[in-house]
Every structure is written in C-alpha cells, then in structure tokens.
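First up is the structure itself, then whatever we jot down about it.
The values are calculated or read from the model by the stated rules, or taken from the named source; none is laboratory data. Keep in mind it's a predicted model, so treat the numbers as computed, not measured. Cβ: placed from backbone, ideal geometry, glycine included. Neighbour counts: every protein chain shown. Heads up: the accessible areas ignore ligands, DNA and RNA and are worked out on the full protein's heavy atoms, side chains in. Shrake-Rupley method; radii C 1.70, N 1.55, O 1.52, S 1.80 Å.
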Amino acid sequence: MIDGFLMKQGVFAKVIPAIFYPILAFFLLNEVRAGRENRERLGSESTTKDKTTRLVIAMTLCHLICDLPKGILALIQSYVVTVTGFLMMTSSIYVLLNTLFIVNTMIQCFICWALSSNYQLT
C-alpha cells in the first residue's frame, strides 16, 4: 500500500526543490560572472579575491546533502507503510536529517547576511 501524502511530500517538497536548487545556483553563478566581467570591462579592478563562486557551490552542496536524502527517505516511507520497525528506523533517520537541515539553514542565513552588498543585489 502506498501512502500518497508521503509520496507527494517527498517528490514535491523535497526531491524537486533539491534538483532545481543546483540549476538556480548555476544561473546565479552566471550572473555573478557576468557582473564581474562588466566590472573588469569598465576598468574597475578588485584587489580582493572573489570567493563567491566557491561559497555558492558549497552552500548548494550542503543543501543537497541535507535535503535530497529527506526526499528519498519520504519516498521509501511511502512505499513501506506496513513495516513498523522499518518505519520507526526511517523516522529516526528523518528526524536526524531534519535537524541537520535546520542547522544548515541557520548557518546559511548568517553567511548570506554577512556577504557583500554586490552579492545581495545579484
């Protein structure tokens, strides 16, 4: 028996956003690169090394590591609704992954708050 709510939650709330997040991060990195090229073309040279690309890639990977397993776990739970011990184990893992996701979100919030205004405008 398949639990439709868990399957929909796993697909629409976890797996699809985890797939689209890297795609949107790719577009963000293209915009950051285009902005950097425009500044260089206008003759404005930056003396500090730009680490925005590394930061966006690191944040994207952290998001994938925290959110994608939750979606996969929700999909597994939706197909195995009758096995009590398995559901208890996967629920415990889900709580652990959810805690990891909350910590990741809090850290990313402070990182984004501390970034430069050029990144925030992009």
Out of the range 63-79, which residues are open to solvent by less than 60 Å² (accessible area, probe 1.4 Å) and either under 13 Å from the mean Cα position of the chain (by Cα) or aromatic (Phe, Trp, Tyr) (or both)?
63, 64, 66, 67, 68, 69, 70, 71
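Each row is one residue, and each column tells you yes or no for (1) assigned to a loop (DSSP other than H, G, I, E, B); (2) in contact with a Pro (Cβ under 6 Å, 6 or more places away or on another chain).
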{"site": "11", "(1), (2)": "no, no"}
{"site": "20", "(1), (2)": "no, no"}
{"site": "33", "(1), (2)": "no, no"}
{"site": "73", "(1), (2)": "no, no"}
{"site": "82", "(1), (2)": "yes, no"}
{"site": "97", "(1), (2)": "no, yes"}
{"site": "111", "(1), (2)": "no, no"}
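Would you confirm whether or not the range 80-93 contains a residue that is within 21 Å of residue 20 (Cβ to Cβ), out of contact with any strand residue (DSSP E or B) (no Cβ under 8 Å at 6 or more places or on another chain) and surrounded by fewer than 16 Cβ atoms within 10 Å (Cβ to Cβ)?
Scanning the range 80-93 turns up no residue that is within 21 Å of residue 20 (Cβ to Cβ), out of contact with any strand residue (DSSP E or B) (no Cβ under 8 Å at 6 or more places or on another chain) and surrounded by fewer than 16 Cβ atoms within 10 Å (Cβ to Cβ).
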In the range 63-101, the residues that are aliphatic (A, V, I, L, M), farther than 21 Å from residue 4 by Cα and either modelled with pLDDT under 85 or touching a helix residue (DSSP H, G or I) at 6+ places or on another chain (Cβ under 9 Å) (or both):
64, 65, 97, 100
Residue hits (the range 37-62; closer than 18 Å to residue 115 by Cβ, modelled with pLDDT under 85, open to solvent by 70 Å² or more (accessible area, probe 1.4 Å) and not in a loop (DSSP other than H, G, I, E, B)) are 39, 54
